[in-house]
Amino acid sequence: MTPQEEQIVRKRQKSRALIVALMLGAFVLLIYGISIAKIAAGS
Amino acid sequence: MIMASNVATTPNILPADWRDFLALTKPSVMRLVVFTGLCGMLVAPGGINPVLGFTAILCIALAAGASGALNQWYEADIDALMKRTEKRPLPAGRMDRQSALHFGVGLSFFSVLLMGFATNWFAAVMLAGSILFYVIIYTMWLKPRTPQNIVIGGAAGAFPPLIGWIAATGHVAPLPVLLFLIIFLWTPPHFWALALWVRPDYAAAGIPMLPVVAGERTTRRQIFLYSIPMAAAAIAPWAMGLTGNLYGVTAAVLTAWFLYLAAKVGIRTAVEDDGMKPEKRLFAFSILYLFLLFGILLADHWMMAL
C-alpha cells in the first residue's frame, strides 16, 4: 500500500467511525424515546 | 450472466466510503417510499405516538434501503453493463460485493426487529415480506426471466402505505389495500415509460423488459391499458366513501391528466432522435402524480377530521 493509499484508508476509516458513532448515539436516543412512549401507552 | 471485470468479488484494499453505503440504499427511490408510508400511517384511524410513528417510518425507509442494497449486490454485473447504473458503487469498483451483502442483510434484520419492538409484529412481518418480495421474487426470480417482471414486482413498492397503516392500527382495512393497489397498478406505466427510452441499455444487459421482448408498440399499448385500472383504483377510495370530495375531485383531475399523457405515449410512434419527450413527460408526471395523490389523501383526511 502506497503512503497515499494509506492516507485515504485512514481518512475513510475516520469518517466511517464518526458516522457509526453518530448513528449509535441516535439509536440510543431512539430506544429511550420508544421506551418512554411504550411506558406512557401502558399506563 | 455476463461478468464485468470491474465488479470486485473479493474485499478491496480500500474500505468503501460511507457515501457509497448511502448510495447503495437508493435514496432517490426512498423518498416516495417514505412519503407513501407516512400517508398510509397518518390516514389510519386512532393515530400513533409520534416517536413510534417516526420509528415505523424510519424502519420502512431502512427496509427500502436494505432492499436497494441487496438488489445492487445481486445485479452488480448487470449494472456494469448499463449507462444508467454503471456508476453505482459496485460496478464502479468502489466497494466489494461482500460489504454490500453484509450491509443489506444487516439493515434488513435491524429494520424488521426495530419495527416489531416499536409497533407490532404484524407490521414487522409485512416489512420482512416486502424485502423478501423485492429481493427474491422481483430481483432474483422475475426480473431476469419475464417481461411481466415489473407487473408483479410492482407489489414490492406498493407495500409502504399498507405497512404504515398496519404499524398504526395492527390490522388491515379496505383503504390501505386500495392504496396498495394504486401503487401496484401505477408501477407498470411508470416503469415502462422509462424502459422505452433506456431500452438499448436493458437489451445490452440481457434483461427481458417489455420493450426489449415485445417491442415498442406493444409496450406503448400496455402503458395505456394499465393506466385504466390504475385510474379506477385511484378513484375507488372516493367512490367507496372512504375519502371526501377534496380527494375525489383532485384524484379525478390528476388521473385524467395521467390518462391523457399515457394515451399520447400509447398512440404515438417514436422517430429517431425525437428525444422521447412524451415518454419522459409521462415518467416525470407519474412521480409527481403519486406524491400529489397521497398528499391530497392526507389533506382530505385532515379536512374530514375538522
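Nothing in this text is a laboratory measurement; each read-out follows from the coordinates by a stated rule. Keep in mind the model is a prediction, meaning the values are calculated, not measured. For neighbour counting, all protein chains shown are included, and Cβ atoms are generated from backbone atoms with ideal geometry for every residue, glycine included.
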> Counting only pairs 8 or more places apart or on different chains, how many lysine pairs in chain B have C-alpha atoms closer than 19 Å?
Replying inline: 7
> Once label points are set 7 Å from the Cα along Cα→Cβ at both B:A204 and A:Y32, what is their separation, rounded to one decimal in nm?
Replying inline: 5.2 nm
> At a Förster distance of 41 Å, what's the computed FRET efficiency of B:V249 paired with A:L24, Cβ-Cβ distance as r, to 0.05?
Replying inline: 0.30
>> Positive end of the dipole of the protein assembly as shown, charges at C-beta (+1 Lys, Arg; -1 Asp, Glu), about the Cα centre: which of B:G215, B:A92, B:L297 has its Cα farthest in that direction?
In response: B:A92
> Using +1 on the beta carbon of Lys and Arg, -1 on that of Asp and Glu, and nothing else charged, what's the dipole of the protein assembly as shown about the Cα centre, debye to 20?
Replying inline: 220 debye
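For B:R94, B:R217, what ranking results if the residue with the fewest other Cβ atoms within 10 Å of its Cβ goes first?
Details: B:R94 18, B:R217 12.
Lowest count first: B:R217, B:R94.
Kindly identify the range B:69-221 as rounded, prolate or oblate by the Cα gyration tensor criterion: order the square roots of the eigenvalues as a ≥ b ≥ c, call it rounded if a/c is under 1.5, otherwise compare a/b with b/c, prolate if a/b is larger, else oblate. Write down the numbers at each step before the final one.
On the way: a/c = 2.95, a/b = 1.30, b/c = 2.27.
Since a/c reaches 1.5 but b/c is at least a/b, the shape of the range B:69-221 is classed as oblate.
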> Under the classification rounded if a/c is under 1.5, otherwise prolate if a/b is larger than b/c and oblate if not, where does chain B fall, given a ≥ b ≥ c as square roots of the Cα gyration tensor eigenvalues?
Replying inline: oblate
>> Along the Cα→Cβ direction, 7 angstrom out, place labels at B:R221 and B:A173. What is the inter-label distance in nm?
In response: 4.2 nm
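Could you give the DSSP H helices of chain B that reach 27 angstrom or more along their long axis (alpha carbon positions) and whose average Kyte-Doolittle hydropathy is no lower than -1.0?
Numbers: long enough: B:50-74 (36 Å, 1.24); B:97-118 (31 Å, 1.16); B:149-169 (31 Å, 1.33); B:174-197 (36 Å, 1.62); B:216-239 (35 Å, 0.20); B:245-267 (32 Å, 1.35); B:277-305 (41 Å, 0.98).
Helices meeting the criterion: B:50-74, B:97-118, B:149-169, B:174-197, B:216-239, B:245-267, B:277-305.
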> How far is it, in nm, from the label point at B:V213 to the one at A:Q7 when both lie 7 Å from their Cα along the line to the Cβ?
Replying inline: 5.2 nm
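Under a point-charge model restricted to the Cβ atoms of Lys and Arg (+1) and Asp and Glu (-1), what is the dipole moment magnitude of the range B:173-306 relative to its Cα centre, in debye to the nearest 20?
Details: 9 positive and 7 negative charges, 41 e Å.
The dipole magnitude comes to about 200 debye.
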> Nearest 10 degrees, 0 to 90: what angle lies between the long axis of helix A:3-42 and the longest principal axis of chain A (Cα atoms)?
Replying inline: 0 degrees
> Given a Förster radius of 22 Å and the C-beta distance between B:S28 and B:L298 as r, what FRET efficiency does 1/(1 + (r/R0)^6) yield to the nearest 0.05?
Replying inline: 0.50
> Helix-derived [θ] at 222 nm for chain B: sum -39500 (n - 2.57) over DSSP H runs of at least 4, divide by residue count, nearest 500?
Replying inline: -24000 deg cm²/dmol
